[in-house]
Amino acid sequence: FGSSSGLGAGVSPMKIWGVSAAGSRRAAVAREPEGQKNGIGDGTCDAAAGGCAGDWAGAQPTASSSSAKPSLGPADGLSPGCLRLIARIKSEPPVDLRLDVSTLRSTADLCAVLAAAGGAGSVRTLTFGPWGGNEDANPGSAVPCDSADAALRALLACSSIWSTWSLRSFAFVELGAVDASNIFSALSAMPRGPGLSTLRLVSLGLGTAGVEALLPLLDATEASTPPIVVGLTVSGNPHITVIGLQRLLAAPGALLGLQELDLSECCLGPSGAQILASHLSAFGCALRDLTAYRCGLGVDGVLLLVAAAASSPLLRSLSLVANGQHSQSWVASVGASVARALSAPLPGLRVLTLSCPEAELAAARELVGGLPLRVILVPNQQNNYNRALFLGD
């Protein structure tokens, strides 16, 4: 989330504060504060550096300020990475703020950083995670790492700070086995209207129950009231199946309100392609960007979605990489059908991304080169795109 485009007047592009971890890291030690072992907590996050307070699940947002102590140090219980991040925030308020286990170690760290960033109100994209849980940590740090559950509770307890920001995107990434329903409860209390547009829930172990819990975020309670979320990413959640997809797209507000959807590495199969095609063909469908990387759609599913996208008035981009388009004679079995479906003038589609065997790339590019849109062909062999999809239990 490094882009600052579309921000209001007077907000200058800033650096991303907080280094996102490349992946989960093993912890030597992990601990959870005694006061946070029973549920979500009492709505307070008692960091040494001023902390944050408020009912995480529905407090009226209050103006927050960076009321931390003038001088912070290890005596306040904060890690060196946290202190460095706070110093950067004070010198240059961030537009993109990342809170992950490569920089922060504890709930106190989290609350201190949020308090430091709260007064500026400059943050537009907020990313929480990766935070690997009780057994993951930064191997280069001697400071123990609080659990993902404890860190999530601390973040939600600080909602009186971040709910007042004009967030465009909020991401929860690789948090292990946390209760995601608490995330949705906290976000549901956010003010509706221009604000949060994209919610990213990446590798959280979500299934059908998780999908059902997030549906209120897509619902517009009144015709004049927009939904809280219009862009949704649920990638890396293989327990989201065609049943969860049906529930998601059948939700009130999904047809007319959902504009961006990323289902990458969800276990959808050919039936999922049929549901997505029906959604795209429905009158009033607002979807503009659809990504379904490695969802097991198969060749027939890919062709069905391409045909539906060709007639969708609002869809701008469609990405279907790694869905079984690795058969022999790709140009004849896949490419020719794609070219026929996209040869006529298109109402909205501008970019299509597909997999193609590397041996047939030259012929495939020649086939799609004259189409009225940009077709991006990704070699199947690149990053082992067509490895088997893990379907879970």
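Results, tabulated for the structure shown:
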{"item": "Test set (1) modelled with pLDDT of 90 or more; (2) farther than 24 Å from R350 by Cβ; (3) outside any helix (DSSP H, G or I) - A223 fails condition number", "result": "(1)"}
{"item": "Scope the range 322-340; condition surrounded by fewer than 24 Cβ atoms within 10 Å (Cβ to Cβ) and in a loop (DSSP other than H, G, I, E, B); matching residues", "result": "G324, H326, S327, Q328, S329"}
{"item": "Pair list, Cβ < 9 Å and 6+ apart or interchain, from the range 123-137 residues that are on the phi > 0 side of the Ramachandran plot and buried (at least 24 other Cβ atoms within 10 Å of the Cβ) to residues that are at pLDDT 95 or above and among the aromatic types (F, W, Y)", "result": "G129/F172"}
{"item": "Residues (buried (at least 22 other Cβ atoms within 10 Å of the Cβ) and part of a helix (DSSP H, G or I)) located in the range 255-275", "result": "G272, A273"}
{"item": "The range 235-260: number of residues that are over 17 Å from A213 (Cβ atoms) and not charged (D, E, K, R)", "result": "8"}
{"item": "Residue that is most open to solvent (accessible area, probe 1.4 Å) [pool: residues in the range 93-122 that are over 18 Å from R153 (Cβ atoms) and in contact with a Pro (Cβ under 7 Å, 6 or more places away or on another chain)]", "result": "A120"}
{"item": "Selected residue [at pLDDT 85 or above, open to solvent by 10 Å² or more (accessible area, probe 1.4 Å) and hydrophobic (A, V, I, L, M, F, W, C)] from V178, V173", "result": "V173"}
{"item": "Subset of the range 93-114 [in contact with a strand residue (DSSP E or B) (Cβ under 8 Å, 6 or more places away or on another chain) and closer than 22 Å to R168 by Cβ]", "result": "P94, V95, D96, L97, R98, L99, D100, L110, V113, L114"}
{"item": "Single condition C145 does not satisfy, out of (1) out of contact with any helix residue (DSSP H, G or I) (no Cβ under 8 Å at 6 or more places or on another chain); (2) surrounded by 24 or more Cβ atoms within 10 Å (Cβ to Cβ); (3) within 30 Å of Q246 (Cβ to Cβ)", "result": "(3)"}
{"item": "The listed residue being more than 18 Å from C356 (Cβ to Cβ) and under 23 Å from the mean Cα position of the chain (by Cα), out of L320, L276", "result": "L276"}
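The values are calculated or read from the model by the stated rules, or taken from the named source; none is laboratory data. None of the values given here were measured: they were computed from a predicted structure. FYI the Cβ positions are ideal-geometry reconstructions off the backbone, even for glycines, and counts take in every protein chain you see. Note: areas computed on protein heavy atoms with side chains; ligands, DNA, RNA excluded. Shrake-Rupley method; radii C 1.70, N 1.55, O 1.52, S 1.80 Å.
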